[in-house]
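Notes to accompany the following structure.
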Amino acid sequence: SQQGEEDPQALSIQEGENATMNCSYKTSINNLQWYRQNSGRGLVHLILIRSNEREKHSGRLRVTLDTSKKSSSLLITASRAADTASYFCATDKGGQNFVFGPGTRLSVLP
Amino acid sequence: DTGVSQDPRHKITKRGQNVTFRCDPISEHNRLYWYRQTLGQGPEFLTYFQNEAQLEKSRLLSDRFSAERPKGSFSTLEIQRTEQGDSAMYLCASSLAGGHEKLFFGSGTQLSVL
């Protein structure tokens, strides 16, 4: 079974609004990563946060990690239509088996 | 273009046939991964190589599946006696060992088993 579980499964917002997606996981991790996937394409790495970090920023992206709650959130600020995609969190426990959640499908309406 | 490339992009086959997919990773990457993804789901880990050594295999990888990376560069994934349940997107990714590496994915091979 997949370790990560994103929430919500689907999210629809207007351009310019912020989008927040959450990821919960079950066991301890070394790192948590967020990826984006456009329809019918491969995944693209967005950001990595280590287990000893609490927050990280990259451009319009903000990721938080709460290891006590085994959860992470991805915030996309000032969303654009081009942000429409599926977003996945992936965890690793120090091995090389990166485990992906089922994803959040984000639709940004112009 | 020096990204991860996969071939073919699409494959339609009849149940019972064998299929083989190829993945060419980013040239300096020594780790190579295969994932399978069905509609509406996240990628599921199948196997990974470091150089030519296959270091981990998922229990999802039945005896009908075999992967190779003979010279530590490109990799092939073969599915024998395909079943309709094998229909999925097969994704290849590569990374550079030594640190908190991120995965670079190819565009995938979409397999349809009729």
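Bear in mind that the values in this text are calculations on the coordinates, not laboratory data. Everything numeric here is computed off the predicted structure, so don't read it as measured data. Every residue, glycine as well, gets a Cβ built from its backbone with ideal geometry; the counts of neighbours run over all protein chains shown.
Reported to the nearest whole Å, the Cα centre-to-centre distance from segment A:4-51 to segment B:18-53 is 21. In percent, rounded to a whole number, the relative contact order of chain B is 37, using alpha-carbon pairs under 8 Å and six or more apart.
Using every pair of separate Cα atoms, the Kirkwood estimate puts the hydrodynamic radius of chain B at 14.1 angstrom. Considering only Cα atoms, the convex hull volume of segment B:64-114 works out to 96 Å³ per residue.
Between A:Glu15 and B:Thr13, the modelled labels are 4.3 nm apart [label points 7 Å from Cα along Cα→Cβ]. When peptides A:70-83, B:49-62 are ranked by their average number of other Cβ atoms within 10 Å per residue, the highest-first order is A:70-83, B:49-62.
Just to be sure I understand: with springs between alpha-carbon atoms less than 10 Å apart, which residue in B:Asp24, B:Asp63, B:Asp86 has the highest mean-square fluctuation in the Gaussian network model of chain B? In the Gaussian network model the winner is B:Asp63. In summary, the protein assembly as shown shows an alpha-carbon radius of gyration equal to 1.02 times the 2.2 N^0.38 Å reference for compact globular proteins.
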